[in-house]
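J.: This is the structure I want to talk about, given as structure tokens.
The values are calculated or read from the model by the stated rules, or taken from the named source; none is laboratory data. If you're wondering where the values come from, they're calculated on a predicted model, not measured in any experiment. Here the Cβ positions follow ideal geometry from the backbone for every residue, glycine too, while neighbour counts run over all protein chains shown. Heavy atoms of the whole protein, side chains included, go into the accessibility calculation; ligands, DNA and RNA do not. Shrake-Rupley method; radii C 1.70, N 1.55, O 1.52, S 1.80 Å.
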Amino acid sequence: MRNTLTQTEENYLKAIYHLSENGIDTVSTTSLSESMATKPATVTDMVRKLSDKRLIHYERYKGVNITDAGKELALNIIRKHRLWEVFLVDKLQFNWDEVHEIAEQLEHIRSPLLVDKLDAYLGHPKVDPHGDPIPDKNGKFQAGPTLMLSEVEENYTGIFVNVTDDSSALLQHLDKVGLQLGDKIQVIEKTEFDGSIKIRKEDGKEIFFSAHISSLLALRKIA
């Protein structure tokens, strides 16, 4: 089945998986169209193809549900993407804002042996450079409970563990203000008017974030 998928079909399958995360059972073709930045008619044609391959269930006017077989393939694509991101950052010294588009190309490599050897070479990493969990070869991954910075209250102390938007602009902004994965931070001020937040890092540096940026930064509470 894997060898019968085109790169475009793999991209759609991955998008459906991501959209179906967070407890959403049925993905609308409208949201899929927005995610893929393409016309609804094109999306309809593609979901019919994936449905014929039993990777999704598609019901007109209702939407799409990913099957177990589809989820397995999607997680395999995500595994490759995130492992390649680790390789590019750790071994080739790319910045974390430079690797997404390259990994988008590398994730379509077919060889399971290459991916397993890459995983072993990297020391079986659990997260990618943006803090996203990396599935193992069986599709399992470790992801502890997190809260978005926008959700926590003043005096909350946690570790910055994930950025949910890997756009270059945001990652470059985080580099500019000096926030990195693994930083211990404390929320010292939360503005009710606009939701902006001021944090203090362990080194004493204070940083302001807008409500929007705060909604993209995930923290894990320190026990």
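J.: Quick check: convex hull of the Cα atoms in region 48-120, volume per residue, rounded to a whole Å³? Intermediate results must be reported in sequence, preceding the final value.
T.: On the way: hull volume 8.0 nm³, N = 73.
Expressed per residue, the convex hull around the Cα atoms of region 48-120 is 109 Å³.
J.: Rank-order 106-119, 196-209 by packing density, defined as the average count of other C-beta atoms within 10 Å over each peptide's residues, highest first. Kindly include the intermediate steps, with their values, before the conclusion.
T.: Values: 106-119: 13.9, 196-209: 15.5.
Those peptides, ordered most packed to least, come out 196-209, 106-119.
J.: To continue, here is another question. Among 78-86, 27-35, how do they line up by average Cβ neighbours within 10 Å per residue, starting with the highest?
T.: On the way: 78-86: 23.4, 27-35: 16.9.
The most tightly packed comes first, giving 78-86, 27-35.
J.: Here is a follow-up. Heavy atoms only, probe 1.4 Å: what % of the accessible area of region 10-129 goes to carbon and sulfur, would you let me know? Don't skip to the end; give the middle numbers.
T.: Details: 3300 of 6580 Å².
C and S atoms contribute 50 percent here.
J.: While we're on this one: Which pairs in the list 140/221; 49/80; 176/221; 49/140; 91/140; 126/184 are over 30 Å apart, alpha-carbon to alpha-carbon?
T.: On the way: 140/221 23 Å; 49/80 23 Å; 176/221 24 Å; 49/140 27 Å; 91/140 25 Å; 126/184 19 Å.
From the list (140/221; 49/80; 176/221; 49/140; 91/140; 126/184), the Cα-Cα distance tops 30 Å for no pair.
J.: Sort 127, 64 by accessible area with a 1.4 Å probe, largest first. Write down the numbers at each step before the final one.
T.: Numbers: 127 70, 64 0 Å².
Largest accessible area first, the residues go 127, 64.
J.: Roughly how tilted is helix 112-121, in degrees to the nearest 10 and between 0 and 90, from the longest Cα axis of the chain?
T.: Computed tilt is about 20 degrees.
J.: Please state the charge dipole magnitude for region 79-129, taken about the Cα centre, from unit charges on C-beta atoms (+1 on K and R, -1 on D and E), reported in debye and rounded to the nearest 20. Could the numbers behind the result be given before it?
T.: On the way: 7 positive and 10 negative charges, 64 e Å.
Result for region 79-129 is approximately 300 debye, rounded to the nearest 20.
J.: Considering all projection directions equally, how large on average is the shadow of the alpha-carbon convex hull of region 67-188, in square nanometres? It would help to have the intermediate numbers written out before the result.
T.: Working: hull surface 34.3 nm².
Convex hull of Cα atoms, orientation-averaged projection: 8.6 nm².
J.: With just the Cα atoms of the chain, tell me how far they stretch along each of the three principal axes, in Å, largest first.
T.: 56, 43, 30
J.: Also, quick follow-up: Against the longest principal axis of the chain, how steep is helix 7-20, in degrees 0 to 90 to the nearest 10, with axes from Cα atoms?
T.: Helix 7-20 and the main axis of the chain meet at about 50 degrees.
J.: Further, regarding this structure: Dipole of region 1-157, Cα-centred, from +1 at each Lys and Arg C-beta and -1 at each Asp and Glu C-beta, to the nearest 20 debye? Write down the numbers at each step before the final one.
T.: Details: 19 positive and 25 negative charges, 180 e Å.
Value, rounded to 20: 860 debye.
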